[in-house]
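I have placed the structure first, in the form of structure tokens, so that the comments after it can refer back to it.
The values are calculated or read from the model by the stated rules, or taken from the named source; none is laboratory data. Every value quoted in this text rests on a predicted model; they were computed, and no experiment measured them. Cβ: placed from backbone, ideal geometry, glycine included. Neighbour counts: every protein chain shown.
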Amino acid sequence: QQQVKQSPQSLIVQKGGISIINCAYENTAFDYFPWYQQFPGKGPALLIAIRPDVSEKKEGRFTISFNKSAKQFSLHIMDSQPGDSATYFCAASINEKLVFGKGTKLTVNP
Amino acid sequence: DTGVSQNPRHKITKRGQNVTFRCDPISEHNRLYWYRQTLGQGPEFLTYFQNEAQLEKSRLLSDRFSAERPKGSFSTLEIQRTEQGDSAMYLCASSLHPDSPLHFGNGTRLTVT
């Protein structure tokens, strides 16, 4: 019940395309849902986050869509760029602890 | 804001040896967290502090692991009698208060041979 399931495991898109990563959870006590971006050899960096009382949040090219009833949330990267190539993790927070998905390795081809 | 600093960046040790990692959080951040990340996986919570008080420890943190945060500033994570299964990236993060985002350091990569 503490798991966060993330898909796909890997994703290849062309420059300018839309990248979509999905996550699902079971525990309705989760109260904060961040997405992190991680480059090789670096720690995760917060990209964008949402709370369950909001259905969508947009920051630049990044959008989170949140479906509370389905217990699913997704990250959309518009106009994907080669510099976006990284591993993306969804997470859910309960009592200040983050539970992470297993990650999606995104490759954006030029 | 110099970010969360972790040292060393890499540590190679032989099975059975003790190792200690250090984390310097962003100044004035009273929350400090330790996570562990193995290859191809997301980070997993180990423990966290509010100032110098250790508030929670994960079941992943066996008796061989100990973390401290003296004076509520930097933190150390010690692993005694290391095992090959301890090989991972150990990540430290800090936050200003419970509702603020976590800022991660670049981790310490431990390899146990």
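When B:93, B:53 are checked against the criterion of being at pLDDT below 95 and either of a type in the set (Gly, Ala, Ser) or within 24 Å of residue A:36 (Cα to Cα) (or both), B:53 stands alone in meeting it.
Taking the criterion of being in a strand (DSSP E or B) and touching a residue at least 12 places away in the same chain (Cβ under 8 Å), the residues of the stretch A:90-104 that qualify are A:90, A:91, A:92, A:93, A:94, A:98, A:99, A:100, A:104. Restricting the stretch A:75-86 to residues that are buried (at least 19 other Cβ atoms within 10 Å of the Cβ) and within 30 Å of residue B:98 (Cβ to Cβ), the residue that is farthest from the other protein chains (Cβ to nearest Cβ) is A:77. Applying a threshold of 7 Å to beta carbon distances and a minimum spacing of six or more residues, or different chains, the list of pairs starting in the stretch B:27-53 at a residue that is within 8 Å of another protein chain (Cβ to nearest Cβ) and ending at one that is surrounded by 15 or more Cβ atoms within 10 Å (Cβ to Cβ) and among the basic types (Lys, Arg) reads B:41/A:102; B:42/A:102; B:43/B:36; B:44/B:36; B:45/A:97; B:48/B:31.
So which residues in the stretch A:14-41 are more than 11 Å from every other protein chain (Cβ to nearest Cβ) and in contact (Cβ under 8 Å) with a residue 60 or more places away in the chain, if there are any at all? Residues satisfying the conditions are A:14, A:15, A:16, A:17, A:18, A:19, A:21, A:25, A:27, A:29, A:30, A:33.
Could you tell me whether the stretch A:78-89 includes any residue that is in a loop (DSSP other than H, G, I, E, B) and in contact with a Pro (Cβ under 8 Å, 6 or more places away or on another chain)? Within the stretch A:78-89, none of the residues are in a loop (DSSP other than H, G, I, E, B) and in contact with a Pro (Cβ under 8 Å, 6 or more places away or on another chain). When we screen B:67, B:93 for residues that are crowded, with 16+ Cβ neighbours inside 10 Å, away from every other protein chain (no Cβ under 14 Å), part of a strand (DSSP E or B) and of a type in the set (Gly, Ala, Ser), the only hit is B:67.
Which members of the stretch B:26-37 meet the condition of being at pLDDT below 95 and among the hydroxyl-bearing types (Ser, Thr, Tyr)? Within the stretch B:26-37, just B:27 meets the criteria. Screening the candidates A:49, A:45, A:70 for the property of being over 27 Å from residue B:4 (Cα atoms) and either within 10 Å of chain B (Cβ to nearest Cβ) or surrounded by fewer than 15 Cβ atoms within 10 Å (Cβ to Cβ) (or both) yields one hit, A:70.
Exactly one residue among B:104, B:21 is within 14 Å of chain A (Cβ to nearest Cβ), touching a residue at least 24 places away in the same chain (Cβ under 8 Å), over 23 Å from residue A:36 (Cα atoms) and surrounded by 18 or more Cβ atoms within 10 Å (Cβ to Cβ), and that residue is B:21. For the stretch A:15-33, a residue qualifies if it is under 13 Å from the mean Cα position of the chain (by Cα) and either surrounded by fewer than 13 Cβ atoms within 10 Å (Cβ to Cβ) or within 17 Å of residue A:106 (Cβ to Cβ) (or both), and the qualifying residues are A:19, A:20, A:21, A:22, A:23. Evaluation of residue A:55 against the conditions (1) within 14 Å of chain B (Cβ to nearest Cβ); (2) closer than 18 Å to residue A:33 by Cα shows that the sole unmet condition is (1).
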